[in-house]
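The values are calculated or read from the model by the stated rules, or taken from the named source; none is laboratory data. Everything numeric here is computed off the predicted structure, so don't read it as measured data. When we count neighbours, we look across all protein chains shown, and the Cβ atoms used for this are built from the backbone with ideal geometry, even at glycine.
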Amino acid sequence: MELLKEKRQAVISHAVTKGLNPDASMKPSGIEWLGDVPEHWGVVSAKRVSSVFVPQRNKPDLNADLDRR
């Protein structure tokens with residue numbers, strides 16, 4: 001079972017990082033479990049790539065906009 005889990009993680013990682021180009025140049029991600037990522041990938045804040053808002057219990061004033069939608 002452990003080898004199967006390891007193989008599954010490797011397949012997912014390969015599909016996500018290499019995609020359709022198996023010859024993509026890679027660089028270290030800095031995250032041990034992730035391994036290498038395509039060289040052209042950058043780091044951006046999640047709020048720059050998504051408009052999803054997750055309500056926060058400890059900041060009810062931020063949730064007020066959700067009630068108005």
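Odds and ends about this structure:
- Near pairs, Cβ below 9 angstrom, 6+ apart or cross-chain, from the range 9-33 (at positive phi and modelled with pLDDT under 85) to any residue that is surrounded by 10 or more Cβ atoms within 10 Å (Cβ to Cβ) and not hydrophobic (A, V, I, L, M, F, W, C): Gly19/Pro38
- Complete set of residues in the range 12-32 that are surrounded by 10 or more Cβ atoms within 10 Å (Cβ to Cβ) and hydrophobic (A, V, I, L, M, F, W, C): Ile12, Ala15, Val16, Ala24, Met26
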